[in-house]
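Notes follow once the structure below has been shown.
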Amino acid sequence: MPQPREEADAPLPSVPAARPGNAPAGLADRYGRRATDMRLSLTDKCNLRCTYCMPAEGLEWLSKQAVMTAEEIVRIVGIGVGQLGVRELRLTGGEPLVRHDLVDIIAALRSNHPDLPISMTTNGVGLAKKAAALKAAGLTRINVSLDSLHEETFTQLTRRPFLDQVLAGVDAAWAAGLGPVKLNAVLMRGINDAEAPSLLDWALGRGYELRFIEQMPLDADHGWTRRNMITAAEIRQLLSADFVLSADPRARDGAPAERFEVRRRTAGSDGGSGPVLGTVGIIASVTEPFCSDCRRTRITAEGKIMSCLFSREEFDLLGLLRSGASDAALAQRWQDAMWLKPKAHGMDHVGLDAPDFVQPDRSMSAIGG
């Protein structure tokens, strides 16, 4: 059983005073981007052990004292929305559903920010019991991770036999009105890649929005290789056996997923004349990166600012808050950290398979997706 870790309370270097006085307002960086999409992790704990994220034995969890309290979360979100131009909030983990005060957190955030879109990413385990309460508390919509519809494959990927719970959670979220319900799938070569067309067919038939995500080098085992990952081009090829994809006419508007309208391929034609069945998204962080229009800022469960998913630098916001700092001082620390956001993939250039890329020490569950 993983044991709590305390090192999150150790002080980090203060942010260098590199942000000029005439820098743009909000969470701007040196490359002209401005973060308006906040990803906040509620916990590093998770009840699955997905092979592309965690080792089989799990990770050392943060201690309870190291993790942001509900009150601290509400205050930090308030600063982001009220002073720094945050316009969307995504609650992540770990697994957010393992926090006993999740509903209370969402209710407090909704009370303070009646018009703020608040979404959540979850693995769906236990969602069936909480979906209605989450909606009533003020959650706008939900993303559920679902890599396979086959029990044996699901268990192989997650190391847990919980597929029925996840499927029940997806249906409960839809019934509660947490739509559009989005599903996230990571394809692993030789394991679930052949399921891509059937998974999309299943999602379209139920009105869910499926997004395929290229596996990223954020696994705790550091086993990722560029050669073994399923690329966006391969995903499109896999889907083309049954479907015709065409560009979604809606503007991407900083979204990580490139969306496609989906029509069924019919025998003896190009399949392009049939009705649109729905959309599918592909998040190609590795092979078709979208860093130039990144609008995300991340706060880890222990209140560290990560300007980029692949940053190797983190800056302490929670420690400053607990020291008695004012909202203005916290906003300044956040702005200074985001000003130093790297151009791409934690570096000054794009390239997750570049020779100088160094995988972050944290896995995805410890960062917050």
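The values are calculated or read from the model by the stated rules, or taken from the named source; none is laboratory data. This one's a predicted model, so the numbers in the text were calculated from it and none came from an experiment. For neighbour counting, all protein chains shown are included, and Cβ atoms are generated from backbone atoms with ideal geometry for every residue, glycine included. Just the protein is used for accessible areas: all its heavy atoms, side chains included, with ligands, DNA and RNA removed. Shrake-Rupley method; radii C 1.70, N 1.55, O 1.52, S 1.80 Å.
Accessible area per residue, 1.4 Å probe, Å², for the chain: what's the number? Don't skip to the answer; put the middle values down first.
Values: 15430 Å² over 369 residues.
That works out to 42 Å² for each residue.
Could you list the square roots of 5 times each eigenvalue of the Cα gyration tensor of the chain, that is, the equivalent ellipsoid semi-axes, sorted largest first and rounded to whole Å?
Listed largest to smallest, the semi-axes of the chain are 33, 23, 21 Å.
Considering only Cα-Cα distances, which of the following residue pairs are longer than 32 Å: K64/K129; K130/K343; K129/K341; K129/K343; K135/K304; K64/K341?
Values: K64/K129 24 Å; K130/K343 39 Å; K129/K341 39 Å; K129/K343 42 Å; K135/K304 28 Å; K64/K341 29 Å.
Violating the 32 Å limit, Cα to Cα: K130/K343; K129/K341; K129/K343.
Tell me the trypsin sites (Lys or Arg not before Pro) within segment 261-327 that lie in a loop according to DSSP and have at most 16 other beta-carbon atoms within 10 Å.
Details: sites: R263, R264, R265, R295, R296, R298, K304, R312, R322; in loops: R265, R295, R312.
Here the trypsin sites (Lys or Arg not before Pro) that fit, given the DSSP loop and packing criteria, are R312.
For D44, enumerate residues with amide H under 5 Å from its amide H, sequence gap 5+ or separate chain, H modeled in the peptide plane.
L62
Give the span of segment 251-342's Cα atoms along each principal axis, as three whole-Å numbers ordered largest to smallest.
Principal axes ranked by extent give 69, 22, 21 Å for the Cα atoms.
By average Cβ neighbour count within 10 Å, what is the ranking of 231-239, 134-142 from highest down?
Working: 231-239: 17.8, 134-142: 20.8.
Averaged packing, sorted descending, gives the order 134-142, 231-239.
Rounded to a whole number, what % of the accessible area of segment 98-206 do carbon and sulfur atoms account for, probe 1.4 Å?
Values: 2390 of 4410 Å².
Percent of accessible area from carbon and sulfur atoms in segment 98-206: 54.
Which loop GluC sites (Glu not before Pro) in segment 24-130, with loop taken from DSSP, have no more than 14 other Cβ atoms within 10 angstrom of their Cβ?
Values: sites: E57, E60, E71, E72, E88; in loops: E57, E60.
Listed in order of number, the matching sites are E57, E60.
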